[in-house]
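Each remark here refers to the structure printed beneath this line.
None of the figures in this text is laboratory data; all of them are computed from the coordinates on show. This is a predicted model, so every value here is computed, not measured.
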Amino acid sequence: MDKQKLDEQITLLGLKSYHLQDVEVNSTDDLIKHITESGILYRTFIQHLTLINLRKHLTESNIQPEDRLVDYFPKKYRKNSWNSFRENFPLKAPGLKLTRFAQVLLALSIIGFIYLNYLIFTEGLEIILAIKLAGLSLYPVFVLLFVTLGVIMTFGANRLPAKTVNDLMDQVVSLNHINLLSHNKVALKTLLTQELDEEGAHNMS
């Protein structure tokens, strides 16, 4: 393979020539081999992949690793925009987290559920008898608690999982570490090949 094409492939994967100055790279297979054998090159590639996919999703070519995610994912459209990014991202990406308020509600709901069960367990017959005499039922209470938990988990998750793009890239590396580097690194090799094919075809069109 000629040097110019090889340099283009190195750039497509987010690497610089100095990343490979201590190894011999004469073909695409050599390039993939060195990336799969180097923790630094692997990490650099995954970080680059995260960044270019963010740029594609946001149609924002100037977004940089030090930028704050909150500037690109406003609260009003955050849930739909973030879910769309995760669905189209070729790797696992972290989901939105519960807001502080939702975390407080969740904690209170769990405490209430535990306390209610504690009362039933310690003074079960008396409480059940008193409720029956009053013509009431514990069933709606349990239903309300579970519905509350469901609402909190569904609608309370609207906090970004990372402060900056760089933080997100690090999380993506960690989330996909086992999957990409296990089973003789087949998943990583496949991903590298796909990126070279897709980006190369895109640049030619």
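Straight Cα distances below 16 angstrom link residue 3 to the lysines 16, with same-chain residues fewer than 8 positions distant left out.
Within the chain, the proportion of Cα pairs with more than 30 Å between them is 44 percent. Between the helical axis of 28-37 and the longest alpha-carbon principal axis of the chain there is an angle of about 40 degrees. Taking the C-alpha atoms only, the angle from helix 186-204 to the longest principal axis of the chain is near 60 degrees.
How large is the Kirkwood hydrodynamic radius of the range 17-104, counting all unique pairs of alpha carbons, in Å?
Details: mean 1/r = 0.0641 Å⁻¹.
Averaging 1/r across every pair of different Cα atoms and inverting gives 15.6 Å.
Using only Cα atoms, find the angle between the long axis of helix 3-12 and the longest principal axis of the chain, and express it within 0 to 90 degrees, rounded to the nearest 10. Long axis of 3-12 versus the principal axis of the chain: about 10 degrees. Reported to the nearest whole Å, the Cα centre-to-centre distance from the range 1-31 to the range 35-49 is 13.
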